[in-house]
Amino acid sequence: MDLLGDIGHADQLTSTREENKVLQAKVKELTVRVHELKAENASLKAEVEGWRSDFAAGKLSSSTLGDENGHGGESKEALVDDGADDFVTSGNGIFATDPAVTLPNVHASANPLCCALHPDDTLLATGGADSNLKLCKWGSALAPGEESSAKAVDDAVTIACGAPIICCTFALVNKGRGLPVVAAGCMDGSVKLAYSGPDAVKDRLLKSQLGNGSGIKHAKYVKVVCWSPSEPLIASASADGTVQLTRVGDVDAEAATVALEVVQSMHFDGAVEAMCFVDNGNSLCCYVRGTSYLSYFDLKDGCKQSKMSLNGGSAGTANFDDHVSFAVLSLLPSPDGKYIAAATDASRNLIMETGADRIVRNLYGHKNDGFSNPKLAWSHSGQYLYGNSQDENCICIWDIASTSIAKRLDEDAGGHAGFVRDIYSSSSTDTLVSVSFDKSAKVWLRGM
């Protein structure tokens, strides 16, 4: 008999039991703390809702919102500015509500991650976790017969991009003519350009003639790609904190090549979460993680930067505050370019005057936190804003003037059965497209 061995095992067992007792006590302590925090959270939520109601009724004092310079809280001007004459009257009731087309399993068993419409509305692009870019003539799904939607999916062009596609968008114009290119921002940091024209070609993925032919490449995954509305210029932003402006030249569909020229590269301390062109392509607006402002870069003046506070104030003024309690995860200019919509990770969407620090409306009633993927789209009239909500599998439609939700496109309204990952609205009609983790893409048309 190994007495020393038995004694050693006994000591180890006793020690383990004592450690277990300590751990159990710690678990009980943490459990109590969790319940306390939940109660505090519920109380804070109720308090916030009370403040929102009081503010809407004009009952909040300046001391509640902060001091006279806007410090200690968000100023009343930051919460809403009643000077927005464009949003005095409610919308005309015209927006997309009819789920006219549902394209099932658009990326087979993989989730679709992004979507975009061609400028003439005929072609739907979707990017998926399967690393494929799909180009679908969605109108064929309107043909009679239950099989028409499945056939539209089967007939879609598939372009292998080598990595999951996070964002996609069609080129807008090139000297007044359409540039037959669609861009896909990928998880591996690359931006793939593909031929989207009507010609039947062997290979739609375009090889770059940029430098060594490596194409547009970032060190980390691409967050946003967007095209200038006035010239063949594409901007790509990445989690590595870089923005690259690339001019797209001649496209040879037969040879599957495209000429590229790097115009400008910009480098920031944090991930570039959101970006869009404004002022007819003369400026680029960006939001960088960890900042309290939107950065506007004048592309006609050497990318000169202007900072507009998300608290309602421009750099160098008394109202400029270097802290906000949220991050902007999506930016989109209004159809007339006068306003910019910003989706945040704090269940709050902002409508701001483009190029200024003026917040004209705040939109609530949905949920999007730091783990969500908030997306926005404008109605053709510019009077309504579409947005997703992480816990409802729906698309909310806000009447901007009243800040109320005019309609929710949920499953009962013919909507998606899973989280809505991306939305995109037409620039020329009341057409909206969406993709969801229910594996489908939907095309919404103007309600009758």
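The values are calculated or read from the model by the stated rules, or taken from the named source; none is laboratory data. All of these numbers come straight from a predicted model, not from anything done at the bench. Quick reminder, even Gly has a Cβ in these numbers, built from the backbone with ideal geometry, and neighbours come from all protein chains shown. Calculation scope for accessible area: heavy atoms of the full protein, side chains included, ligands and nucleic acids excluded. Shrake-Rupley method; radii C 1.70, N 1.55, O 1.52, S 1.80 Å.
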| query | Mind checking whether some residue in the range 401-415 is over 21 Å from Cys285 (Cβ atoms) and of a type in the set (Lys, Arg)? | reply | yes
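Looking only at the range 338-366, count every residue that is in contact (Cβ under 8 Å) with a residue 24 or more places away in the chain and under 14 Å from the mean Cα position of the chain (by Cα) and tell me the total.
Narrowing the range 338-366 to residues in contact (Cβ under 8 Å) with a residue 24 or more places away in the chain: 338-345, 349-366.
Still in the running and under 14 Å from the mean Cα position of the chain (by Cα): 340-345, 349-350.
Residues in the range 338-366 being in contact (Cβ under 8 Å) with a residue 24 or more places away in the chain and under 14 Å from the mean Cα position of the chain (by Cα): 8 in total.
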Picked from the range 373-394 (must be modelled with pLDDT under 95 and among the charged types (D, E, K, R)), the residue farthest from Arg446 (Cα to Cα) is Asp391
Within the range 130-143, residues being crowded, with 17+ Cβ neighbours inside 10 Å and either at negative phi or in a strand (DSSP E or B) (or both) number 8
Taking the range 144-163 and keeping only residues that are open to solvent by less than 50 Å² (accessible area, probe 1.4 Å), at negative phi and part of a loop (DSSP other than H, G, I, E, B), one is left with Ala156, Cys161, Ala163
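Residue-wise test of (1) crowded, with 20+ Cβ neighbours inside 10 Å; (2) touching a residue at least 40 places away in the same chain (Cβ under 8 Å); (3) hydrophobic (A, V, I, L, M, F, W, C).
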| site | (1), (2), (3) |
| --- | --- |
| His218 | yes, no, no |
| Val222 | yes, yes, yes |
| Ser238 | yes, yes, no |
| Val243 | yes, yes, yes |
| Val258 | yes, yes, yes |
| Val263 | no, no, yes |
Taking the range 110-120 and keeping only residues that are within 20 Å of Ser228 (Cβ to Cβ) and open to solvent by 10 Å² or more (accessible area, probe 1.4 Å), one is left with His118, Pro119, Asp120
Of the listed residues (Gly290, Gly281, Gly302), the one being open to solvent by less than 10 Å² (accessible area, probe 1.4 Å) and at positive phi is Gly281
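Of all the residues that make up the range 373-391, how many are under 15 Å from the mean Cα position of the chain (by Cα) and crowded, with 19+ Cβ neighbours inside 10 Å? Reasoning before the result, please.
First, the residues of the range 373-391 that are under 15 Å from the mean Cα position of the chain (by Cα): 373-378, 385-390.
Filter once more, so that each one left must be crowded, with 19+ Cβ neighbours inside 10 Å: 374-378, 385-389.
Of the residues in the range 373-391, 10 are under 15 Å from the mean Cα position of the chain (by Cα) and crowded, with 19+ Cβ neighbours inside 10 Å.
Could you grab me the full set of residues in the range 271-311 that are among the β-branched types (Val, Ile, Thr) and without any contact (Cβ under 8 Å) to a residue 24 or more places away in the chain? Give the steps one after another, and end with the answer.
Keep residues of the range 271-311 that are among the β-branched types (Val, Ile, Thr), which gives 272, 278, 288, 291.
Listed by number, the list holds a single entry, Thr291.
From the list Val222, Val191, which residue is β-branched (Val, Ile, Thr) and farther than 24 Å from Lys137 by Cα?
Answer to the check: Val222.
Quick check on Ser230: is it small (Gly, Ala, Ser) and open to solvent by less than 40 Å² (accessible area, probe 1.4 Å)?
Numbers: small (Gly, Ala, Ser): yes; open to solvent by less than 40 Å² (accessible area, probe 1.4 Å): no.
Answer is no for this residue.
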For strands (runs of 3 or more DSSP E) lying entirely in the range 392-441, having 2 or more residues that are over 19 Å from Ser149 (Cα atoms) and open to solvent by 20 Å² or more (accessible area, probe 1.4 Å) picks out 404-409, 420-425
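Regarding Arg348, is this residue of a type in the set (Lys, Arg) and open to solvent by less than 40 Å² (accessible area, probe 1.4 Å)? Don't jump to the end; show me each part of the working.
Numbers: of a type in the set (Lys, Arg): yes; open to solvent by less than 40 Å² (accessible area, probe 1.4 Å): yes.
When the stated conditions are applied, Arg348 passes them.
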When every residue in the range 172-190 that is at pLDDT below 95 and surrounded by 14 or more Cβ atoms within 10 Å (Cβ to Cβ) is compared, the one nearest to the chain's Cα centre (by Cα) is Leu172
Per the filter on the range 430-443, residues out of contact with any Asp or Glu (no Cβ under 6 Å at 6 or more places or on another chain) and farther than 15 Å from Val106 by Cα are Asp430, Leu432
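Take Pro99 and decide whether it is at pLDDT below 95 and surrounded by fewer than 24 Cβ atoms within 10 Å (Cβ to Cβ).
On the way: at pLDDT below 95: no; surrounded by fewer than 24 Cβ atoms within 10 Å (Cβ to Cβ): yes.
Judged against the criteria, Pro99 is not a match.
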